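Here is the structure we will look at, set down as structure tokens.
The values are calculated or read from the model by the stated rules, or taken from the named source; none is laboratory data. Remember, it's a predicted structure, so these values are computed and weren't measured experimentally. Using ideal geometry, Cβ is built from the backbone for each residue, glycine included, and neighbour counts are taken over all protein chains shown.
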Amino acid sequence: MGLTGFFLITFLIVHCLINSMIFFNDGGETFNHWAHFMGSNLIIRTMEIGLFAFLLLHIFQGLMLWSQNRSARPVRYAVNRPEKNSKWYSRSMGLLGTLILLFLILHLYHFWVPSRMGGIGSIHELEPASLSTYSGQEVHNLYNEMLMVFRENLWVVIVYVLGVFSLFWHLLHGFQSAFQTFGLNHKRYTPLIKGLGVAYSTIICIAFASMPVAMYMNWVS
Ligand code: HEM
């Protein structure tokens with residue numbers, strides 16, 4: 001889980017950085033340029049297969065771990081005060097992961113499906129309105145797609161913010177837990193890793209949540 005977790009943590013940094021380019025307020029030009037690069041570069045497209053494989057593996061490993069934990073103690077404790085030795089979000093990783101998965105299904109339906117429908121290199125099959133031309137190069141206008149999804153759909157914005165809120169708690173435990181899985185548990189370094197995990201989860205999730213909100217509120221155009 002640690003290794004697949006690290007991969008997903010890295011993916012989120014790249015995804016968040018590219019998406020943050022919508023805040024350049026240049027009509028999505030920079031964002032579309034980089035989204036096009038990510039969607040058409042052969043190395044990145046190959047890594048995309050790895051991303052989905054790791055995502056599925058991460059879910060499968062989580063389910064296995066959950067079932068192992070349950071069968072390790074078929075008879076429940078008569079007295080159990082879990083709050084004494086762990087945080088609620090550490091004990092709720094399965095629930096948080098399921099909420100994120102539900103969010104992801106909607107999310108991929110919104111963006112990944114339309115952006116990949118044309119297939120590699122065949123963006124010309126897309127509707128003209130979803131294409132943009134920069135410096136003579138035709139790219140899929142994912143920025144427009146984002147505006148269409150968020151601008152007038154308050155419920156979608158709320159679902160995204162809640163999805164990212166679940167992700168925040170999941171990452172808060174997951175970041176530090178991934179290091180622990182690799183044996184990095186040290187009196188001196190563990191507090192540093194925990195602090196880094198809090199900073200990472202907070203920055204990534206505030207940045208992601210601000211995207212649908214900014215589009216709904218017309219803060220970017
Ligand atoms: C809340 C703000 C978010 C926005 C506005 C957003 C936007 C997008 C867009 C536009 C794409 C399509 C990119 C492309 O096809 O080139 C995409 C793909 C994707 N997003 Fe997000 N995203 C957000 C948050 C997230 C989060 C929190 C996760 C994970 C938990 C996530 C996971 C993915 C995945 C797995 C893909 C497909 C990756 C790929 O294209 O290879 N996204 N997102």
Worksheet item: Can you name the residue in the range 160-177 that is more than 10 Å from the ligand (Cβ to nearest atom) and not small (Gly, Ala, Ser) and is also surrounded by the fewest Cβ atoms within 10 Å (Cβ to Cβ) among such residues?
Response: Leu162
Worksheet item: Cβ-Cβ below 9 Å, separation at least six or inter-chain, first residue in the range 143-155 and touching a residue at least 12 places away in the same chain (Cβ under 8 Å) and assigned to a helix (DSSP H, G or I), second of a type in the set (D, E, K, R) and away from the ligand (no atom under 13 Å from the Cβ): which pairs?
Response: Tyr143/Glu29
Worksheet item: Looking at Gly5, Gly50, Gly62, Gly27, which one is within 16 Å of the ligand (Cβ to nearest atom), modelled with pLDDT of 85 or more and assigned to a loop (DSSP other than H, G, I, E, B)?
Response: Gly27
Worksheet item: Name the pairs: first residue in the range 71-100 and among the small types (Gly, Ala, Ser), second residue assigned to a helix (DSSP H, G or I), Cβ to Cβ under 6 Å, at least 6 apart or on different chains?
Response: Ser90/His173; Gly94/Trp66; Gly97/Gly62
Worksheet item: Out of (1) away from the ligand (no atom under 16 Å from the Cβ); (2) in a helix (DSSP H, G or I); (3) of a type in the set (A, V, I, L, M), the odd one out for Leu99 is which?
Response: (1)
Discussion item. Criterion first (under 28 Å from Ser115 (Cα atoms), modelled with pLDDT of 90 or more and not basic (Lys, Arg)) does Asn153 satisfy it?
Written reply: yes
Fill in: First in the range 8-37 and more than 29 Å from His58 (Cβ to Cβ) and surrounded by fewer than 17 Cβ atoms within 10 Å (Cβ to Cβ), second anywhere and modelled with pLDDT of 90 or more and of a type outside the set (A, V, I, L, M), Cβ under 6 Å, 6 or more apart
Phe24/Thr30
Discussion item. Among the residues of the range 178-196, are any within 11 Å of the ligand (Cβ to nearest atom), surrounded by fewer than 21 Cβ atoms within 10 Å (Cβ to Cβ) and part of a helix (DSSP H, G or I)?
Written reply: no
Worksheet item: Got at least one residue in the range 43-66 being surrounded by fewer than 16 Cβ atoms within 10 Å (Cβ to Cβ), over 30 Å from Pro114 (Cβ atoms), without any contact (Cβ under 8 Å) to a residue 24 or more places away in the chain and among the small types (Gly, Ala, Ser)?
Response: no
Fill in: Members of the range 198-221 found to be buried (at least 21 other Cβ atoms within 10 Å of the Cβ) and farther than 15 Å from Ile18 by Cα, listed by number
Ser201, Met215
Worksheet item: Do you know which of the residues in the range 30-47 that are over 19 Å from the mean Cα position of the chain (by Cα) and more than 10 Å from the ligand (Cβ to nearest atom) is modelled with the lowest pLDDT?
Response: Asn41
